[in-house]
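Below: one structure, written as structure tokens.
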Amino acid sequence: MKVVLVGYMGSGKSSVGALLASKLGVKFYDLDAKIEESEQESVVNLFESKGEIYFRKLEHKILKQILHKDESFILSLGGGTPCYFDNHELLKQEGIVSFYLKATSAKLVERLHPEKESRPLLASLDKDEMLDFINKHLFDRSFYYHQVNHIITIEEKTVDQLVGEILQQLR
Ligand code: S3P
């Protein structure tokens, strides 16, 4: 079983992915964390020192390495992963089940504004600018996010509830 979680920054991909993996007793991979491990550098620093294009190429390479693994896993992508190269097509391979954790822009701002320093694309924005930015960004990315097999709306749900919904879909 290979499960991939897709969604905008702040949609809970990492916490949902980790809990889902522990419930299913399979490995959990967080793509950003794997990139940081391979470069020995944080995503924020990578964006700053090497630029976004370097980051996207690395993200594509490590995504392919993980998808090729001959084992069951849960993989949480970065918010931009499905939108570059042919990454969204790679997720349609047989045996991969993908979920989009879908949140409203308002909910995302509520979650992201307090921790914006750790998000290179958002760090310079105040709350109003962030809402405008996310609205447009979600519109641009929507096509890629909607290529998944299942959409889960996050609303006010807890991580436990979201994991429960995903488990139901996997049955
Ligand atoms: C990005 C999302 C981040 C990280 C990078 C770019 C994006 O991942 O990959 O900062 O383009 O949306 P998270 O969604 O895990 O925060």
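The values are calculated or read from the model by the stated rules, or taken from the named source; none is laboratory data. Here the structure is a predicted model, which means the values were calculated and not measured. Glycine gets a Cβ as well: all are built from the backbone with ideal geometry, and neighbour counts include every protein chain shown. Protein only, heavy atoms only, side chains kept; ligands, DNA and RNA dropped before computing areas. Shrake-Rupley method; radii C 1.70, N 1.55, O 1.52, S 1.80 Å.
Summary table
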quantity	calculated
Failed criterion for L121 (all others in (1) under 15 Å from G7 (Cβ atoms); (2) outside any helix (DSSP H, G or I); (3) open to solvent by less than 70 Å² (accessible area, probe 1.4 Å); (4) modelled with pLDDT of 95 or more hold)	(4)
In region 25-60, residue nearest to Y100 (Cα to Cα) [restricted to those that are touching a residue at least 60 places away in the same chain (Cβ under 8 Å) and in contact with a helix residue (DSSP H, G or I) (Cβ under 8 Å, 6 or more places away or on another chain)]	V43
Close pairs from region 79-99: first at negative phi and among the aromatic types (F, W, Y), partner open to solvent by 10 Å² or more (accessible area, probe 1.4 Å) and part of a strand (DSSP E or B), Cβ under 9 Å, at least 6 apart	F99/H150; F99/I151
Matching entry among L121, L46, L63, L101 (being within 13 Å of the ligand (Cβ to nearest atom) and touching an Asp or Glu at 6+ places or on another chain (Cβ under 7 Å))	L46
Residue that is in contact with a strand residue (DSSP E or B) (Cβ under 7 Å, 6 or more places away or on another chain) and of a type outside the set (K, R), where the choices are D86, D30, D70	D30
Verdict on L91 being touching a Lys or Arg at 6+ places or on another chain (Cβ under 7 Å) and of a type outside the set (G, A, S)	no
Test: K64 is more than 21 Å from K23 (Cα to Cα) and touching a residue at least 24 places away in the same chain (Cβ under 8 Å)	yes
Enumeration of residues in region 103-118 that are open to solvent by 50 Å² or more (accessible area, probe 1.4 Å) and hydrophobic (A, V, I, L, M, F, W, C)	A106
